[in-house]
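Heads up: the structure comes next, in structure tokens.
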Amino acid sequence: MSSSNRNNPEKRIVYQEFGNGNSAAFERATPDLPPEKQNVRVQATRAGRKGKTVTVITGFQTNQETLQTLLKQLKTQCGTGGTIKENEIEIQGDHKQKILEILIKLGYKAKISGG
């Protein structure tokens, strides 16, 4: 065995049952449903955010590009920041009602969740 193979652990594969290690092939496919077939939940929470309130929108069954465009639209409408984490949209501040109205206008079946 040459010294270059010893230093590079990726080349030291002894046995591999499937493919060439292409991780994209093993990722779970996300169905891209139209808005009217998605049940979306809107909830304001402070858990794990050092007391800062964020509005979390969960239940999306769509691709990342659609989520990015929706995030941009919600951030613009609410006049605040936000992000996407694990297929959920987080908007800074408590904007439950405003986001609920926007999502319903866009055709989503949205409900407020939690207290």
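Bear in mind these aren't lab numbers, they're just calculated from the coordinates by the rules spelled out. If you're wondering where the values come from, they're calculated on a predicted model, not measured in any experiment. Cβ placement follows ideal geometry from the backbone for every residue including glycine, while neighbour counts extend to all protein chains displayed.
If I take R0 = 22 Å and measure r between the Cβ atoms of T62 and Q97 in this structure, what FRET efficiency does the formula 1/(1 + (r/R0)^6) give, to the nearest 0.05?
For R0 = 22 Å, the calculated efficiency reads 0.45.
Using a Cα-Cα cut-off of under 17 Å, which aspartates and glutamates could be cross-linked to K50, ignoring same-chain neighbours fewer than 8 residues away?
List returned: E90, D94.
What shape does region 59-115 take by its C-alpha gyration tensor, where a ≥ b ≥ c are the square roots of the eigenvalues and a/c under 1.5 counts as rounded, a/b above b/c as prolate, and the rest as oblate?
Rounded.
Pull up all non-local amide H partners of G93: gap of 5 or more, or a different chain, and H-to-H distance under 5 Å with H placed in the peptide plane.
When sequence neighbours closer than 5 places are left aside, the close amide H contacts are T53, V54, T55.
Determine, for each peptide in 64-73, 84-93, the mean count of other beta carbons within 10 angstrom over its residues, then list the peptides with the highest first. Present the calculation step by step, with values, prior to reporting the outcome.
Numbers: 64-73: 13.5, 84-93: 15.9.
Taking the mean over residues of other Cβ atoms within 10 Å, the ranking is 84-93, 64-73.
Report the gain in length on full extension from R49 to E88: 0.36 nm times residue separation, minus Cα-Cα distance, nm rounded to one decimal.
12.5 nm
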